[in-house]
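The values are calculated or read from the model by the stated rules, or taken from the named source; none is laboratory data. For clarity, every value in this text was computed on a predicted model and none was experimentally measured. Ideal geometry is used to build each Cβ from the backbone, glycine not excepted, and the neighbour counts take in all protein chains shown.
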Amino acid sequence: MNNHGMHETGGEPYFYSNYTWKELREIPAQRRVVLLPVGSTEDHGHHLPLDTDNFMAWTVCVETAKRLPDEVLVMPLIPYGYNLHHVDFPGTICVGAEHFINYVADVCKSIAYHGFKRILIVDGHGSNVPLLDIAARRVILETDALCASFIYTNLIRDVCRRIRESVHPGGMAHACELETSLYLYLDERRVRKSEIQKEVNLPPSKYIWLDLVDGAPLQMMDWWSSFSKTGVVGDPTLATRDKGKQMFDAVMARMVELVREFRDRPRAPRQDMHAEKVQGGFGLKP
């Protein structure tokens with residue numbers, strides 16, 4: 001078994017790929033929430049591996065499943081995302097925006113076709129966020145499932161604000177105090193500690209900046225190499241295992257709450273408010 005679950009052979013009941021088709025057809029009746037981890041393969045400074053976003057999204061899903069083994073089902077990881085702006089850094093693998101949206105939507109629509117009614121897309125990469133939102137909306141409009149997407153850091157903004165020491169905003173953006181702290185806690189041996197260095201070089205602005213905890217009012221993304229020479233945006237020199245533990249413990253507590261709330265989320269039927277029945281349009285079912 002690799003650390004991203006691309007091929008699971010154990011007997012854990014929470015891995016989708018562990019089941020045969022005959023076994024899987026009985027699972028939707030258990031009303032499990034399906035977790036789909038989505039990340040990216042790209043630069044994360046000189047000190048973190050290319051798999052950082054994948055590792056975080058996957059770990060969040062698996063550790064949630066360990067706490068709720070009968071309530072969730074973890075899909076295989078989608079390891080490539082939308083990150084053309086990082087392509088000047090060797091190792092980056094990019095999927096175009098429309099391809100990415102369609103691919104993720106098709107995966108989730110397949111899940112819904114097999115009878116699962118609640119799907120959470122757990123994202124590890126910031127630039128995937130708007131595209132995964134579109135994919136999730138499509139799943140709701142084109143199937144009878146509820147589907148939501150989020151980047152895991154959104155669950156712990158308050159915790160990060162409380163413990164951060166890096167400049168605000170900008171210190172928690174990429175390969176930063178946040179991501180490095182988490183990696184130190186979850187798998188310290190893979191962090192190249194001697195290579196850790198700070199880099200916060202975006203022009204100062206009242207409206208445009210990068211920060212995972214406190215986002216800017218305007219969204220703009222230039223080529224990453226135009227403002228970062230190491231791949232870092234933020235201050236990983238302030239990262240610690242203790243901060244990573246506080247962050248991860250908070251993510252886990254809130255994932256458990258989220259899954260249980262989402263699993264039981266009530267859903268009223270849609271209603272056609274037209275004076276006369278509308279036929280067709282947008283390829284939607286009436």
Using beta carbons and a limit of 6 Å, which pairs, at least six apart or on different chains, have the first residue in segment 162-191 and closer than 25 Å to Met221 by Cα and the second one part of a helix (DSSP H, G or I) and of a type in the set (Gly, Ala, Ser)? Ser181/Gly244; Leu182/Gly244
With (1) under 21 Å from the mean Cα position of the chain (by Cα); (2) crowded, with 16+ Cβ neighbours inside 10 Å as the list, and Asp235 as the residue in question, which single condition is left unmet? (1)
What pairs come up if the first residue lies in segment 251-265 and is closer than 12 Å to Ile156 by Cβ, the second is aromatic (Phe, Trp, Tyr), and their beta carbons are under 6 Å apart, counting only those six or more places apart or on different chains? Val251/Tyr152
Inspect all residues belonging to segment 148-167 and state whether any of them is among the aliphatic types (A, V, I, L, M), farther than 25 Å from Val107 by Cβ, over 19 Å from the mean Cα position of the chain (by Cα) and assigned to a helix (DSSP H, G or I). yes
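Right, His99: within 17 Å of His174 (Cα to Cα) and more than 17 Å from the chain's Cα centre (by Cα) or not?
no
Looking only at segment 165-197, filter to residues that are among the charged types (D, E, K, R) and crowded, with 22+ Cβ neighbours inside 10 Å; which one of those is nearest to Leu50 (Cα to Cα)?
The initial filter retains those residues of segment 165-197 that are among the charged types (D, E, K, R), namely 165, 177, 179, 187-190, 192-193, 195.
Subsequent filtering for residues that are crowded, with 22+ Cβ neighbours inside 10 Å retains 177, 179.
Values: Glu177: 17, Glu179: 12 Å.
Within segment 165-197, the match that is nearest to Leu50 (Cα to Cα) is Glu179.
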Verdict on Ile101 being at pLDDT 95 or above and in contact with a strand residue (DSSP E or B) (Cβ under 7 Å, 6 or more places away or on another chain): no
Identify, from the list Arg25, Arg32, the residue that is over 21 Å from Val104 (Cβ atoms), among the charged types (D, E, K, R) and either at pLDDT 95 or above or in contact with a helix residue (DSSP H, G or I) (Cβ under 8 Å, 6 or more places away or on another chain) (or both). Arg25
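Determine whether Ser225 is part of a helix (DSSP H, G or I), hydroxyl-bearing (Ser, Thr, Tyr) and out of contact with any His (no Cβ under 9 Å at 6 or more places or on another chain). Don't jump to the end; show me each part of the working.
Values: part of a helix (DSSP H, G or I): yes; hydroxyl-bearing (Ser, Thr, Tyr): yes; out of contact with any His (no Cβ under 9 Å at 6 or more places or on another chain): no.
Judged against the criteria, Ser225 is not a match.
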In segment 1-22, which residues are touching a strand residue (DSSP E or B) at 6+ places or on another chain (Cβ under 7 Å) and modelled with pLDDT under 95? Gly5, Glu8
